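Participant: This structure is in C-alpha cells; I'll ask about it shortly.
The values are calculated or read from the model by the stated rules, or taken from the named source; none is laboratory data. Please read all numbers here as calculations on a predicted model, not as lab measurements. Here the Cβ is made from the backbone with ideal geometry for all residues, glycine too, and neighbour counts use every protein chain on show. Remember, those area values only see protein heavy atoms, side chains included, never the ligands or the DNA or RNA. Shrake-Rupley method; radii C 1.70, N 1.55, O 1.52, S 1.80 Å.
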Amino acid sequence: MRLILLGAPGAGKGTVAKLLTQLDGSVQISTGDILRGAVQAGTELGRKAEVFMKAGDLVPDDLIMGIMEKRLRESDCAKGFLLDGFPRTIPQAEALKTILALLGVQLDGVANIEVPRQEILDRLTTRRTCVNTQCQAIYNVRSQPPKVEGICDQCGSPVVQRDDETEAAISHRLDIYNEKTTPLVDFYRQEGLLLTITAPTSEGVVNAIRERIAG
Ligand code: ADP
Ligand code: ZN
C-alpha cells in the first residue's frame, strides 16, 4: 500500500506505520527516524538538522526533499511505502507530487489521524523512545512500559525521553503543526485522497485504514 500518514505529533503515525508494514510488507519511511539517525551518526545532514529539531522547529524543505527523493527511489519501495512525518508543508507536498509522477507511482490515500489536543499532550509527555537508531521502538510509561524500566525489550538499549519531548518543546511542535501541516488536509481533500480517521487506538486506526483501502 502507498499511503501518507498525516496527524499531529503523538497521533500514533509511527505505531500505525509499524503495524501496517507487518501486514503487507510495505516499508515505513519516517523522516524523523532518518533525521535522528543522521544526528547520532554526526553526518553533515545531521549537523544541519539538529538545531531545528532541538527547538521543535521544522527542518528546511530543501534538506527534507534531498532525503526523500533518494529514499523513494530505493528498490524496497516497490512493495509499497508508508510515509510517516512527511510531507509536513505545502512545498513538500507539491515536491512529493512531482517525484511520484516522475516515478510513475500513485498514492492509495492520505490517512489523517485526528486526536484531541489534550490526549496528544498526555501521550507525548509519557512517551519514551529507544536510543538505538536501528530500532527506535516506542514505549509509554503509563500504557506500554518496557518490561525492564528504561531498557528496550527489542534490543536492550536505553529507552529515554526525546530532547524535543519536554512540555515546552511539545507545545511548540503542536503550534508548528497547526500552522504548517494542517493546510495539507485541504490539499489532499482537493486531490481526492483524504481519509479522515478518528479511531481512539492504533489498532482501530489500522482497521479503519484497511477497510477503506484495498490491497
Ligand atoms: P513527531 O511526529 O513526533 O513530531 P518526528 O519524529 O516525525 O516527530 O519528527 C521530529 C522532528 O524532526 C520534527 O520536529 C522536525 O524538526 C523534524 N522533521 C521530521 N520530519 C520532517 C519534515 N517532513 N519536514 C521538516 N522537519 C521534519
Ligand atoms: Zn531498541
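Participant: At 0.36 nm per residue, minus the direct Cα-Cα distance, what do residue 102 and residue 140 gain on full extension? Give it in nm, one decimal, please. Numbers along the way, then the final one.
Facilitator: Values: separation 38, 0.36 × 38 = 13.68 nm, distance 4.00 nm.
In short, 9.7 nm is gained.
Participant: So, one more: So for the chain, averaging the separation of alpha carbon pairs under 8 Å that are six or more residues apart and normalising by length, what relative contact order in percent results? Don't skip to the end; give the middle numbers.
Facilitator: Working: 300 pairs, mean separation 63.9, N = 215.
Contact order relative to length: 30 percent.
Participant: For segment 133-207, what is the relative contact order in percent, using Cα pairs closer than 8 Å and at least 6 residues apart in sequence? All intermediate terms of the calculation are to be shown ahead of the outcome.
Facilitator: Working: 23 pairs, mean separation 9.0, N = 75.
With pairs under 8 Å counted, the relative contact order is 12 percent.
Participant: For the chain, what does the accessible surface come to per residue with a 1.4 Å probe? Please give it in Å². Could the numbers behind the result be given before it?
Facilitator: On the way: 10830 Å² over 215 residues.
Per residue, the chain has 50 Å² of solvent-accessible surface.
Participant: Helix-derived [θ] at 222 nm for the chain: sum -39500 (n - 2.57) over DSSP H runs of at least 4, divide by residue count, nearest 500? Please list the in-between numbers first.
Facilitator: Details: 9 runs with 99 residues, N = 215.
Helices in the chain give a 222 nm mean residue ellipticity of -14000 deg cm²/dmol.
Participant: Give the cross-link partners of residue 48 among the lysines, using a straight C-alpha distance below 24 Å as the criterion and excluding same-chain residues fewer than 8 apart.
Facilitator: Filter leaves 70, 180.
Participant: According to the square roots a ≥ b ≥ c of the eigenvalues of the Cα gyration tensor, what is the shape class of the chain, taking rounded for a/c under 1.5, prolate for a/b larger than b/c otherwise, and oblate for the remainder?
Facilitator: On the way: a/c = 1.36, a/b = 1.22, b/c = 1.11.
The shape class here is rounded.
Participant: State the percentage of accessible surface on segment 2-129 attributable to carbon and sulfur atoms; use a 1.4 Å probe and exclude ligands, DNA and RNA. Could the numbers behind the result be given before it?
Facilitator: Values: 3000 of 5630 Å².
Exposed carbon and sulfur together represent 53 percent of the surface.
Participant: I would also like to ask the following. Could you derive backbone 3J(HN,Hα) for segment 98-111 from the dihedral phi with the Karplus parameters 6.51, -1.76 and 1.60 (θ = phi - 60°), listing whole Hz in sequence and x where the residue is Gly or Pro?
Facilitator: 5, 4, 5, 4, 4, 7, x, 10, 10, 6, 7, x, 10, 8
Participant: While we're looking at this one, here's another question. Would you please give the residues with an amide H less than 5 Å from that of residue 151, counting only those at least 5 places away or on a separate chain, with H modeled from the backbone geometry?
Facilitator: Distant-sequence amide H within range of residue 151: 159.
Participant: Given 39, 102, 132, which one lies farthest toward the positive end of the charge dipole of segment 1-155, if we put +1 on the Cβ of every Lys and Arg and -1 on the Cβ of every Asp and Glu?
Facilitator: 132
Participant: DSSP loop (so not H, G, I, E, B), at most 15 other Cβ within 10 Å: list which trypsin sites (Lys or Arg not before Pro) in segment 59-129 pass both filters.
Facilitator: Numbers: sites: 70, 71, 73, 79, 88, 97, 117, 123, 127, 128; in loops: 73, 88.
Hits after loop and neighbour filter: 73.
Participant: Related question: Determine the relative contact order of segment 90-215: mean sequence separation of Cα pairs under 8 Å and six or more apart, normalised by residue count, in whole percent.
Facilitator: Numbers: 113 pairs, mean separation 40.9, N = 126.
Averaging sequence separation for qualifying contacts and normalising by length gives 32 percent for segment 90-215.
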